[in-house]
1. Quick test for you: out of 239, 217, pick the one residue that is at pLDDT 95 or above and either in the same structural domain as residue 73 (by TED's automatic domain parsing) or out of contact with any strand residue (DSSP E or B) (no Cβ under 9 Å at 6 or more places or on another chain) (or both).
2. Looking at (1) crowded, with 23+ Cβ neighbours inside 10 Å; (2) closer than 20 Å to residue 171 by Cα, which is the one condition that is false for residue 301?
3. Out of all the residues in segment 224-235, is one or more part of a helix (DSSP H, G or I) and touching a strand residue (DSSP E or B) at 6+ places or on another chain (Cβ under 7 Å)?
4. Go over the candidates 433, 459, 403 one by one and state the one that is assigned by TED's automatic domain parsing to the domain that holds residue 481, touching a helix residue (DSSP H, G or I) at 6+ places or on another chain (Cβ under 8 Å) and surrounded by 14 or more Cβ atoms within 10 Å (Cβ to Cβ).
5. Of the residues 348, 371, 353, which single one is surrounded by fewer than 22 Cβ atoms within 10 Å (Cβ to Cβ), part of a helix (DSSP H, G or I) and in contact with a helix residue (DSSP H, G or I) (Cβ under 7 Å, 6 or more places away or on another chain)?
6. Quick one: is residue 89 closer than 26 Å to residue 249 by Cα, in the same structural domain as residue 249 (by TED's automatic domain parsing) and free of Cβ contacts under 8 Å to residues at least 60 places away in the same chain?
7. Failed condition for residue 282, given (1) in contact with a helix residue (DSSP H, G or I) (Cβ under 9 Å, 6 or more places away or on another chain); (2) in the same structural domain as residue 94 (by TED's automatic domain parsing), with all others met?
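The values are calculated or read from the model by the stated rules, or taken from the named source; none is laboratory data. These numbers come from a predicted model, not from an experiment. Reconstructed Cβ throughout: ideal geometry from the backbone, glycine too, with neighbour counts over all protein chains shown.
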């Protein structure tokens, strides 16, 4: 490892210095757990210093819940770190704006598909922005790529990997695609055992899945498109294949999503995309590039050790949680766990996250950015090593806590030069995770107040006057009154008093 001493530099060079420290070990060290290979692998992008990444986004028929927040935050973290590591990232996260759930909700609400989906797209953006999630470079909507889907389906039919069933639906012929089950590890025999169902509508095999759904008479006009197979709409799986291939090409670097999408959604994406774009020999081998080189899946959010989902009715809508917790606390709660691990949601775990985040912010309370601030090289290396180890945010956050502890010690010993260096490094590294963007005062005073700031300051002045007059009973009464409204007063030397939310 390379160690760097204290470096003095101008404000304009700050990002360059941090980049030099990061790049000292980053380009050949990044390891990503590849679900396809079931192991960590060195990350080698298709094109040097460029990364193409597709993440399965939301189906917009309702407000996003905390499970969706985890997907947004996890892959936002991945993008931030890749860019901090000097990669040029093209990030695509799609929107599913046509499917059975959307149609059902629109019919129930007596509104158009476009009206329903736009309303929840706007809400999704509001939630993501509040959580500090950067907008993707491309956010394709499925309904804008119908022609691309139809072209892909035609190609699969031409290669005898798809057929039109008697029901009018166009189906994918799973048994005709080599190596189906490679991502999930499921064999055709295993899948057949779990799919002993009656085959309806001339479907050839219970494992076959729909590419194009034939329109039903009672479905609204805005749920169907013309095609050579009759009026209908795309199946869910073909949507992502078409959008990903159109925006990123037949072969790209990273495909991400929740663990629940590994099968059947992502497995079917591989079958569709490779089925139409790769040529296989009789042994199922191909010299053509894979659809995706690295598959990443984040773990579930659980409630009482049960997966959070709308179908189970145990989900928590992001905006409801934001009404009770600071957005950065939610982000910190999600990043404290490794992205592949499940996390258990509760008030207790969010309260614990709030306490941890406050500890980091308190360590920064005396930090004043200057042109001569310099990074702490050892901490940068430790943070870099953690993030390069499959985006190990728990270890990276441990580095932040170590910096906060040392910064507090330096301040106690009145070593302000060391304090500035440690606090500067803490704030900058936290920024790579989308954390510690505010001042300590802004963070501690943020959130929903039971009393406005002007009234708080007036009571602080009244309390100060009472203390000057040695009316300690009045001083204690004001402190207690503010505490009951969720405001904590902190007295400092020279008679200064600050406040924060409890």
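1. From the options 239, 217, the qualifying one is 239.
2. Exception for residue 301: condition (2).
3. Taking segment 224-235 first, the residues part of a helix (DSSP H, G or I) are none.
No, that holds for no residue.
4. Checking each option against the conditions leaves just 459.
5. Of 348, 371, 353, the one residue that is surrounded by fewer than 22 Cβ atoms within 10 Å (Cβ to Cβ), part of a helix (DSSP H, G or I) and in contact with a helix residue (DSSP H, G or I) (Cβ under 7 Å, 6 or more places away or on another chain) is 353.
6. Numbers: closer than 26 Å to residue 249 by Cα: yes; in the same structural domain as residue 249 (by TED's automatic domain parsing): yes; free of Cβ contacts under 8 Å to residues at least 60 places away in the same chain: yes.
Yes, satisfied.
7. In the conditions (1) in contact with a helix residue (DSSP H, G or I) (Cβ under 9 Å, 6 or more places away or on another chain); (2) in the same structural domain as residue 94 (by TED's automatic domain parsing), residue 282 misses (1) alone.
Yes/no per residue for (1) buried (at least 20 other Cβ atoms within 10 Å of the Cβ); (2) within 18 Å of the chain's Cα centre (by Cα):
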| position | (1), (2) |
| --- | --- |
| 88 | no, no |
| 96 | yes, yes |
| 106 | yes, no |
| 117 | yes, no |
